[in-house]
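Inspection log for the structure reproduced underneath, given as structure tokens.
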């Protein structure tokens, strides 16, 4: 059984708006966790894909107090069906987590782990990340350019330094759920930003609606075609 005596757990997750804590705030957060006996769960699945600046240090890499539980996955960096992830733990949590894992499902597939370990050790994973960083950066640029030409005035899309999606901002009071449904009917899938809110389903007047636009899995031609279809959905009433 996993037993954690501290009751305060803070989840640090990637958010749709792409907000990144500054180094000063990261250090302050770790200090707060240390003072309050809290655990920080850092879910860091796409930090490798940073396009215009050097990657920021993770909370776990800055943590000298042993308060950060760091989670990662190869489902995003390699391919979803691999279904392998990892956790970097403070020393005192290794044995409780090991016991909890044995209760849940024993272990991950051994052969996949062995192949992945060799793939990493031989340098292939690092080279793959470098290639994908360039490729995804180019695809993001294609999306931004196509959106500015096809969606000007209807959807405001700006580039981000990191990640595999962008946020497109709609005019105030637009129904992002209805627009996403029209887009899906036209053959392009976007995600309404309101679905990511704690009060999902409501549209407070002070919250600007938007759409999440993924680009990493699409070719430039597919991105341009998707933007044209999205433009048609935005024009429809």
Selected residue (only one of 134, 190, 157, 177 is under 24 Å from the mean Cα position of the chain (by Cα), farther than 28 Å from residue 44 by Cβ and not assigned by TED's automatic domain parsing to the domain that holds residue 78):
177
Hits in the range 38-90 - residues which are in a loop (DSSP other than H, G, I, E, B) and over 23 Å from residue 130 (Cα atoms):
38, 63, 64, 65, 66, 67, 89, 90
Note: among 139, 127, just one is out of contact with any strand residue (DSSP E or B) (no Cβ under 9 Å at 6 or more places or on another chain), on the phi < 0 side of the Ramachandran plot, crowded, with 18+ Cβ neighbours inside 10 Å and not in a loop (DSSP other than H, G, I, E, B), namely 139
Find the residue count for the range 45-70, including only residues that are buried (at least 19 other Cβ atoms within 10 Å of the Cβ) and within 29 Å of residue 137 (Cβ to Cβ).
6
Determine the pairs where a residue that is assigned by TED's automatic domain parsing to the domain that holds residue 81, located within the range 99-114, has a partner that is part of a helix (DSSP H, G or I) and surrounded by 10 or more Cβ atoms within 10 Å (Cβ to Cβ) with Cβ atoms under 9 Å apart, the partner being 6 or more residues away or on another chain.
107/101; 107/113; 112/82
Can you find, within the range 162-198, the residue that is modelled with the lowest pLDDT among those that are in a loop (DSSP other than H, G, I, E, B) and within 15 Å of residue 218 (Cβ to Cβ)?
163
By residue number, the members of the range 147-167 that are in contact with a helix residue (DSSP H, G or I) (Cβ under 7 Å, 6 or more places away or on another chain) and within 14 Å of residue 214 (Cβ to Cβ) are 147, 157, 164, 166, 167
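The values are calculated or read from the model by the stated rules, or taken from the named source; none is laboratory data. All figures in this text were calculated on a predicted structure; none of them were measured in a lab. We place every Cβ from the backbone using ideal geometry, glycine too, and count neighbours over all the protein chains shown.
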